[in-house]
Amino acid sequence: MSRDNRNICHSKTFEYIYKTYAKDIRRFLFFKTQDIDRAEDLMQDVFIKLWDNCEKVDYDKVKSYIFSIANNMFLNVIKHEKVVKDYNKLNKKGDTNESPEFIMLEKEFMEKLETTIANLPEKQREVFLMNRIEKKKYKQIAEQLSISVKAVEKRMHQALLTMRKEIGNI
């Protein structure tokens, strides 16, 4: 394959990658979301992110890169939905025993938690969310990401250090 054909920023190469993997990414996301419209939207976002980062992505690793992006986007959607659901549940309890200060502090904490997770380096965020949101064991994460369990442990450790530094013990 010529150099231009391996350059993801080259429109023909990008188009080839899209045609090759779009259906698989959509299926993967549909399996996760059970919502074809959401899967389609997320799939489009995956390829937008690939295009935005085309210079940084190695052609030989493009498949794992886009599946990682798809998985991270799905995890971010789930995390956001959980936060919204918890927040709505809290607000529906109009007669809570919590003081307004407690509710405000909890809201601020959740916002800080979301921001801190969003600001983690991608690999750390991915492992953190897979472990804490999807409840996957380190071995399962390692197999899914094609990395060693030690690498998962290191990423999780670094993520937790950052989380503790930013928001205290979690």
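The values are calculated or read from the model by the stated rules, or taken from the named source; none is laboratory data. Computed from a predicted model, the values in this text were never measured in an experiment. FYI the Cβ positions are ideal-geometry reconstructions off the backbone, even for glycines, and counts take in every protein chain you see.
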*Out of GLU134, GLU106, GLU166, GLU114, report the one residue that is farther than 19 Å from ILE66 by Cα, surrounded by 11 or more Cβ atoms within 10 Å (Cβ to Cβ), in contact (Cβ under 8 Å) with a residue 12 or more places away in the chain and touching a Ser or Thr at 6+ places or on another chain (Cβ under 6 Å).*
GLU166
_Based on this model, can you work out whether ASP58 counts as modelled with pLDDT under 85 and either more than 26 Å from LYS165 (Cβ to Cβ) or outside the structural domain of ARG164 (by TED's automatic domain parsing) (or both)?_
no
_Selection status of ILE17, loosely packed, with under 13 Cβ neighbours inside 10 Å, among the aliphatic types (A, V, I, L, M) and in a helix (DSSP H, G or I)_ = no
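With respect to GLU153, determine if the residue is modelled with pLDDT of 85 or more and either among the polar types (S, T, N, Q) or loosely packed, with under 14 Cβ neighbours inside 10 Å (or both).
no
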*Only residues that are surrounded by fewer than 17 Cβ atoms within 10 Å (Cβ to Cβ) and either within 12 Å of the chain's Cα centre (by Cα) or not in a helix (DSSP H, G or I) (or both): list them for segment 46-71, please.*
ASN53, GLU55, LYS56, ASP58
_So ILE48 passes all but one of these: (1) touching a residue at least 24 places away in the same chain (Cβ under 8 Å); (2) closer than 20 Å to GLU122 by Cα; (3) of a type in the set (A, V, I, L, M, F, W, C). Which condition number does it fail?_
(1)
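Of all the residues that make up segment 141-155, how many are touching a residue at least 12 places away in the same chain (Cβ under 8 Å) and under 16 Å from SER68 (Cα atoms)?
So the count comes out to 6.
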